[in-house]
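The values are calculated or read from the model by the stated rules, or taken from the named source; none is laboratory data. This structure is a prediction, so every number in the text was calculated from the model and none was measured. Note: ideal-geometry Cβ built from the backbone for every residue, glycine included; neighbour counts use all protein chains shown. Side chains are part of the model used for accessible areas, which takes the heavy atoms of the whole protein and leaves out ligands, DNA and RNA. Shrake-Rupley method; radii C 1.70, N 1.55, O 1.52, S 1.80 Å.
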Amino acid sequence: MPIEPEALAETQTKYLALHEFVKAAKNRLDANMWDYLVGATETETTMRRNRMGIDALALRPRVLRDVSKIDSTSSLFGKSIRLPVMLAPVGGLEFMAVGHNGAVTAGEGASAFGVPIMLSSVSKPGLEQVAAATPGSKIYQLYVRGDASFIEDSIQRAKGNGYDAFCLTVDTAIYSRRERDIVRRFAKPWRASATGEAQMRQAMLNWDDVKRIKDQHPDLKLILKGVGTGEDAQIAVQHGVEVVYVSNHGGRQLDAGRGSIEVLPEIVQAVGGRAKVWVDGGFSRGTDVVKALCLGAELVGLGRLYCYALAADGAAGVVRMLEILENEMRSALGLMGVTAIDQLGPGFVHAAMPTNMPHVHSAFPLLRLDDSGY
């Protein structure tokens, strides 16, 4: 359903900075869901490197350019989108959203603002309900829980419900040890069906499956999410994949890995323009998104950031978060002497020392949260 104008107006006065969504989400979510949202695997090194990699890039501004008109829009598979960002797939949105309508609420917010959402197959309500509530751009992301017929059914349902593309997550062959969940004895409800044979199906996923899907559906825009090396990016392109999605699952899968933005140039070079390159992993500010665009990403996935907004104020919160992010991005572009996304390139970034210790919230140095520990 449409978001009430009164709700949108209220969020514009309630939230003036992105870190205010973080604090509101912390106050609303229970301890288990909060730790699931902010946590990562084992030592949480990969998650911290996501932030360290972003913070270790400085922007190089150009001056005395006419920046009176700035266009921060982009496109997705031929459709115009308001910003080159996407709500990335997150499991368990029904336990975060105000009203517990989960991915429907997130989809409403994304469409109201004008950016795509990638729906996780482990978020409720399901594929059909989210499609009905999301008139804007949308993509379906699948965790494989069955054989080839299971994948085929998911593709057909996604096509039939107007999804613009189909995504396989490829970095979850083994489910990781997420110690925040473990020490709380928290068993995520959406993981209940992902045991035994179901989890084995994800572990069995391989390049032959990608080939079969492309052979059977040559018109399908196929995305592989979780690519972390140039070698695999080259294989993906050889298989006709339309999008190579650079991601380390927000630091939730392989521990001691590289930060996504560190991997990004390697992937862009390996792809060589033969496919689109998307990225997620710690992006929390307008300048973070701009840095990824400078290094060759065409779309940047937001994960934790939109979950904070969703938990804080539902669909209206998501819209307001995106409005603030847009403001930050447009400010950065103008101060860099840039008037459109396609003017960005590697010459606008430079290696620099981070000024904050890497942390899931190091993008928000003014934020103060109580840490209850364990």
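Given the DSSP H assignment, sum -39500 (n - 2.57) over each helix run of at least 4 residues in the chain and divide by its residue total; what's the result at 222 nm in deg cm²/dmol, nearest 500?
-12500 deg cm²/dmol
Taking only C-alpha pairs under 8 Å that are 6+ residues apart, what is the relative contact order of the chain in percent?
Working: 748 pairs, mean separation 108.9, N = 374.
Over the chain, the number comes to 29 percent.
Quick one: what does P(r) look like for the stretch 154-257 with 10 Å bins over all Cα pairs, in whole %?
13, 40, 34, 13, 1
Using only the Cα atoms of the stretch 30-77, build the gyration tensor, take square roots of its eigenvalues as a ≥ b ≥ c, and label the shape rounded, prolate or oblate: rounded if a/c is under 1.5, else prolate if a/b is larger than b/c, else oblate.
Working: a/c = 3.35, a/b = 2.02, b/c = 1.66.
Because a/c hits 1.5 or more and a/b exceeds b/c, the stretch 30-77 counts as prolate.
Using θ = phi - 60° and the Karplus relation 6.51 cos²θ - 1.76 cosθ + 1.60, list the HN-Hα couplings for the stretch 291-302 in order, rounded to whole Hz, with x at every Gly or Pro.
4, 5, 5, 4, 8, x, 6, 9, 8, 10, x, 9
May I ask you to give the percent of accessible area on the chain that is carbon plus sulfur, with a probe radius of 1.4 Å?
53
What ranking, highest mean first, results for peptides 126-136, 151-161 when packing means the other Cβ atoms within 10 Å averaged over each residue?
Per-residue Cβ counts within 10 Å, averaged per peptide and sorted highest first, yield 126-136, 151-161.
Answer rounded, prolate or oblate for the stretch 1-80, using the Cα gyration tensor with square roots of eigenvalues a ≥ b ≥ c: rounded when a/c is under 1.5, else prolate when a/b is larger than b/c, else oblate. Present the calculation step by step, with values, prior to reporting the outcome.
On the way: a/c = 1.94, a/b = 1.16, b/c = 1.67.
Cα axes put the stretch 1-80 in the oblate bin.
Using just the C-alpha positions of the chain as equal point scatterers, what log10 of I(q)/I(0) does the Debye formula give at each q in 0.08, 0.10 1/Å?
One equal scatterer on each Cα of the chain leads to -0.37, -0.59.
What number comes out for accessible area per residue over the chain if the probe is 1.4 Å? Units Å², please.
Solvent-accessible surface per residue comes out at 42 Å².
Take every DSSP beta bridge with both residues inside the chain and express the antiparallel ones as a percent of the total, to the nearest 5.
20
Using the Karplus curve 6.51 cos²θ - 1.76 cosθ + 1.60 with θ = phi - 60°, work out ³J(HN,Hα) for each residue of the stretch 307-321 in order, rounded to whole Hz, and write x for Gly and Pro.
5, 4, 5, 5, 5, 6, 8, x, 4, 5, x, 4, 4, 5, 4
Classify the stretch 80-148: rounded, prolate or oblate, from the alpha-carbon gyration tensor (a ≥ b ≥ c, eigenvalue square roots; a/c under 1.5 rounded; otherwise prolate if a/b is larger than b/c)?
On the way: a/c = 1.92, a/b = 1.30, b/c = 1.47.
Oblate shape, in that a/c is at least 1.5 and b/c is the bigger or equal ratio.
For a quick check: with amide H placed at 1.01 Å from N, whose amide H comes under 5 Å from residue 81's, ignoring anything fewer than 5 positions away on the same chain?
Those qualifying (amide H under 5 Å, at least 5 residues apart or on another chain) are 74, 75, 76.
Where the only charges are on Cβ atoms (+1 Lys, Arg; -1 Asp, Glu), what is the dipole of the stretch 124-277 about its Cα centre, to the nearest 20 debye?
For this selection, approximately 620 debye.
Given H placed on each backbone N at 1.01 Å, which residues far from residue 169 in sequence or on other chains put an amide H within less than 5 Å of it?
Counting only residues 5 or more places away or on other chains, the set is 142, 225.
Tell me, what HN-Hα J-couplings in whole Hz come from the Karplus equation 6.51 cos²θ - 1.76 cosθ + 1.60 at θ = phi - 60° for each residue of the stretch 232-246, using x for Gly and Pro?
Along the stretch 232-246, the couplings run 6, 4, 5, 5, 4, 5, 4, 8, x, 5, 7, 9, 9, 9, 6 Hz.
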